[in-house]
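Peer 1: Questions regarding the structure given below will be posed in turn.
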Amino acid sequence: MKAMLQKIRKEAASVLASGEADLVLGWGKGPLWWQSYPAFIEEEKETGSLTWDPFCVPNLSKYLLEELWVKQKVALFLKGCDALGFNQLLQDKRVDREKVLIFGIPCSGLIDPQKVERAGLHQGLHSVEHQGGELVFSYKDDQKKEDPSSFYYDKCLTCRHPNPVVFDMMLGDAVAVNPQERFAAVGELEKQDVSERYRYWERQFSRCIRCFACRNVCPACSCRECIFDLTDPRWLGKANVLSENQFYHITRAFHMAGRCVDCGECARVCPVDIPLTSLNRKLIKDLNELYGEYDAGVEPEKEPPLITFNPGDPAAFLES
Amino acid sequence: MKKIKKGDLPLLWEHLARGALLYLPLNEDGVVNFAPWQKGARVNLDSLNTVVPPKNLVFPQSETYVHFEQKADALDFTPVQEPKGDYILFGVRPCDVAGLTVLDRVFLEDPLDSLYENRRRGTILALACNEPDQSCFCTTFDLEPGFAPAADIMLWDLGEALLWQAQSAKGVALTQNMDVYLSEATAQEEKTAEQLQVTAAAAEAAAVREQEWALDGVKAVAKEMFDAQIWESLSRRCLGCGICTYVCPTCHCFDIEDFSRGEQGERFRCWDSCMFKDFTLMASGENPRPSRKERVRQRFMHKLSYFPARHGGLHGCVGCGRCVRKCPVSIDITQVIKEAGGLINRA
């Protein structure tokens, strides 16, 4: 962990000093243990404020949409999941690869603050870091050591690409890839009968507070103008009622079909824990079954399934 | 003072729910929010703040107030019947009670908002926080984690029982004829509650001091804050989502819209967020807050400067810490307060 932090600061300082990049996107640290946030570094002397700890979860690549308007070249650090999101922006022709310098960070999983809280380890907590194979929780006067496996984000447990698939320079050795089955929760939902499943999603969408964090954080949601923001016509009504919430989530999920890189950021940022991962994965699973395996974000030059047409594509919906 | 054994709470709730709609913090799919209690509901009185503050009960996220229909000769309007009947809010944390007091200043002063006034009729049972979270900072605003003066009944968690004190006429009325559930508290129990109250406030204040920020800075430099550098850096990382405003117990901005199909429709109001770019978009296409910088600044300035200037020093923040906990990119109002303090030191 400390070695990676040194590399991050060194590379950031180096590209700013040489003028190779005029902005570095990394992570900074707030006063509370879980606060690792996107940092915008433009001066070599500020690189000492960069951090790398088990909470550096935000994907930095979406900031390129704004920053590349004014910056010549942006250097940024990408974990495995972030790299998939970056590739999606590339495929959608929203970033210019030539203007970006990528440092890849192999990542063996980040820590979910909610799991720390549920385990009752949060009171008075100062910091959390990996040491050896253990997760060390530091308090004012003492430390607790735990097995990290019960604290990883769910999305990290099913991560298939912990090693970035796109980079200019990799900052560490590849980590082992050992994902749990990612469609398990979808499989459970599929077993329910239609009305039971409908009630489940009704309950989830009823909880939505319509903050749009899921859309705003999504690397596949990069439209300059979003259908849900249009006021004329007003496709999505502003009332928080079930039908509008369903319309929002289902429409968004379908717009993501074949483009969702399964980075899990939507579910992470959702303040009311709507299991958006299951919704997106259902579509990924269906697409895989209908049109063959496709892994969005891995090979951006490969055409996504819903952009291509093959005469042999299944079209049961046309025949009925 | 009275007390109730925790084991008797389900009986009490059953009793209360017979005469009124009873809202409690309920766990649904792992998310704790205020919802109508029913027998067998998963009540959670241990987690501190609900995700969504109880403001949605007095100021619903969406509220239809008039139906309209085009008749042959005229447009016909029918006001929506406002909800009647008693309701009880059980287990509200002191910061959230204070949040309602802030909303009262907006909606109950001239011009009076009758929709809000009607929904504000409920009886509030507040539950003291014995152990505030690291993200709590209600003491910054002269509030106490262990005491809610504006609640109708104040409850303190003594472990095996809740200490119960009526604080208003409504609270006294509710306490009457409750001998089946309530018993007299001992002097020792009252002392314990008092001690818990002191300890909680001290612990929170100490944690706040550890972070080295105080509100004094903001009071002194409120005007200078408008041009502060922090808005640039904070807004750069802001995602522009509405989490902070919608989980806030004091944010109260709303929009009014119509939903119509064919010859009829309804007019409703709904929460709106100053973080959204269309919040200040005018019909002409002009937007006085064109970028995230102006929008982020607005949210903090409103809470820390404009609101107290208009409402006799009362801040538009109660330190519940929800926005601190839920912001996906850790934008933290306490850091804004700290930066403002730094402004004075630099001046």
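Peer 1: Name the residue that is surrounded by the most Cβ atoms within 10 Å (Cβ to Cβ), counting only residues in region B:22-40 that are away from every other protein chain (no Cβ under 14 Å) and over 17 Å from the mean Cα position of the chain (by Cα).
Peer 2: Among residues in region B:22-40 that are away from every other protein chain (no Cβ under 14 Å) and over 17 Å from the mean Cα position of the chain (by Cα), the one surrounded by the most Cβ atoms within 10 Å (Cβ to Cβ) is B:22.
Peer 1: While we're looking at this one, here's another question. Among the residues of region A:147-155, is there at least one that is exposed (fewer than 12 other Cβ atoms within 10 Å of the Cβ), at pLDDT 95 or above and farther than 23 Å from residue B:326 by Cα?
Peer 2: yes
Peer 1: Determine the pairs where a residue that is without any contact (Cβ under 8 Å) to a residue 12 or more places away in the chain and not assigned by TED's automatic domain parsing to the domain that holds residue A:271, located within region A:99-118, has a partner that is surrounded by fewer than 18 Cβ atoms within 10 Å (Cβ to Cβ) and charged (D, E, K, R) with Cβ atoms under 9 Å apart, the partner being 6 or more residues away or on another chain.
Peer 2: A:114/A:273
Peer 1: For region A:151-224, which helices (runs of 4 or more DSSP H) that fit wholly inside it have 1 or more residues that are away from every other protein chain (no Cβ under 14 Å)?
Peer 2: By residue number, A:154-157, A:184-191, A:194-206.
Peer 1: Of B:48, B:103, B:22, B:9, which residue is in contact (Cβ under 8 Å) with a residue 40 or more places away in the chain and in contact with a His (Cβ under 6 Å, 6 or more places away or on another chain)?
Peer 2: When all the criteria are applied, what remains is B:103.
Peer 1: Suppose we filter A:199, A:210, A:182, A:252 for residues that are at positive phi and among the charged types (D, E, K, R); which single one remains?
Peer 2: A:210
Peer 1: Moving on. Every residue in region B:238-255 that is over 14 Å from residue A:238 (Cβ atoms) and of a type in the set (A, V, I, L, M, F, W, C), please.
Peer 2: Answer for region B:238-255, where residues must be over 14 Å from residue A:238 (Cβ atoms) and of a type in the set (A, V, I, L, M, F, W, C): B:238, B:239, B:241, B:243, B:244, B:247, B:248, B:251.
Peer 1: Quick test for you: out of B:90, B:68, B:59, pick the one residue that is open to solvent by less than 50 Å² (accessible area, probe 1.4 Å), in the same structural domain as residue B:126 (by TED's automatic domain parsing), at pLDDT 95 or above and more than 27 Å from residue B:28 (Cβ to Cβ).
Peer 2: B:68
Peer 1: Let me confirm something: among A:240, A:288, A:280, which residue is free of Cβ contacts under 8 Å to residues at least 12 places away in the same chain and open to solvent by less than 50 Å² (accessible area, probe 1.4 Å)?
Peer 2: Checking each option against the conditions leaves just A:288.
Peer 1: Please enumerate the residues belonging to region B:110-127 that are of a type in the set (A, V, I, L, M) and surrounded by fewer than 21 Cβ atoms within 10 Å (Cβ to Cβ).
Peer 2: Result: B:112, B:115.
Peer 1: Those residues that are surrounded by 23 or more Cβ atoms within 10 Å (Cβ to Cβ) and within 12 Å of another protein chain (Cβ to nearest Cβ), I need them from region A:250-267; list them, please.
Peer 2: The answer is A:265, A:266.
Peer 1: For region B:20-60, how many residues are touching a Lys or Arg at 6+ places or on another chain (Cβ under 8 Å) and farther than 22 Å from residue B:103 by Cα?
Peer 2: Here the count works out to 5.
Peer 1: Counting only residues that are among the hydrophobic types (A, V, I, L, M, F, W, C) and part of a strand (DSSP E or B), which one in region B:217-267 is farthest from residue B:333 (Cα to Cα)?
Peer 2: The selected residue is B:259.
Peer 1: Inspect region A:179-188 for any residue being closer than 16 Å to residue A:78 by Cα and within 18 Å of the chain's Cα centre (by Cα) and give the result as yes or no.
Peer 2: No - not one qualifying residue is present in region A:179-188.
Peer 1: Which of the residues that make up region B:310-333 are farther than 15 Å from residue B:215 by Cβ and away from every other protein chain (no Cβ under 14 Å)?
Peer 2: B:310, B:311, B:312
Peer 1: Another one. Among what's in region B:293-327 and is among the charged types (D, E, K, R) and surrounded by fewer than 20 Cβ atoms within 10 Å (Cβ to Cβ), pick the residue that is nearest to residue B:140 (Cα to Cα).
Peer 2: Checking each candidate, the answer is B:310.
Peer 1: Another question, if that's okay. Based on this model, can you work out whether residue A:305 counts as outside any helix (DSSP H, G or I) and loosely packed, with under 13 Cβ neighbours inside 10 Å?
Peer 2: no
Peer 1: Against the definition (assigned by TED's automatic domain parsing to the domain that holds residue B:161, on the phi < 0 side of the Ramachandran plot, surrounded by fewer than 19 Cβ atoms within 10 Å (Cβ to Cβ) and of a type in the set (S, T, N, Q)), how does residue B:81 come out, yes or no?
Peer 2: yes
Peer 1: Please specify each residue of region B:248-285 satisfying the condition of being open to solvent by less than 20 Å² (accessible area, probe 1.4 Å), within 8 Å of another protein chain (Cβ to nearest Cβ) and over 30 Å from residue A:41 (Cβ atoms).
Peer 2: B:268, B:270, B:271, B:272
Peer 1: Being of a type in the set (A, V, I, L, M) and in contact (Cβ under 8 Å) with a residue 60 or more places away in the chain is the filter here, so list the residues in region B:25-45 that pass it.
Peer 2: The answer is B:45, and nothing else.
For every residue, the table says whether it meets (1) at pLDDT 85 or above; (2) more than 14 Å from chain A (Cβ to nearest Cβ).
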| site | (1), (2) |
| --- | --- |
| B:181 | yes, yes |
| B:192 | yes, yes |
| B:208 | no, no |
| B:213 | no, no |
| B:217 | no, yes |
| B:236 | yes, no |
| B:241 | yes, no |
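The values are calculated or read from the model by the stated rules, or taken from the named source; none is laboratory data. Since this is a predicted model, take the numbers as computed values, not measurements. All Cβ positions, even for glycine, are placed from backbone atoms using ideal geometry, and neighbour counts span all protein chains on display. Surface accessibility is based on the protein's heavy atoms, side chains included, excluding ligands, DNA and RNA. Shrake-Rupley method; radii C 1.70, N 1.55, O 1.52, S 1.80 Å.
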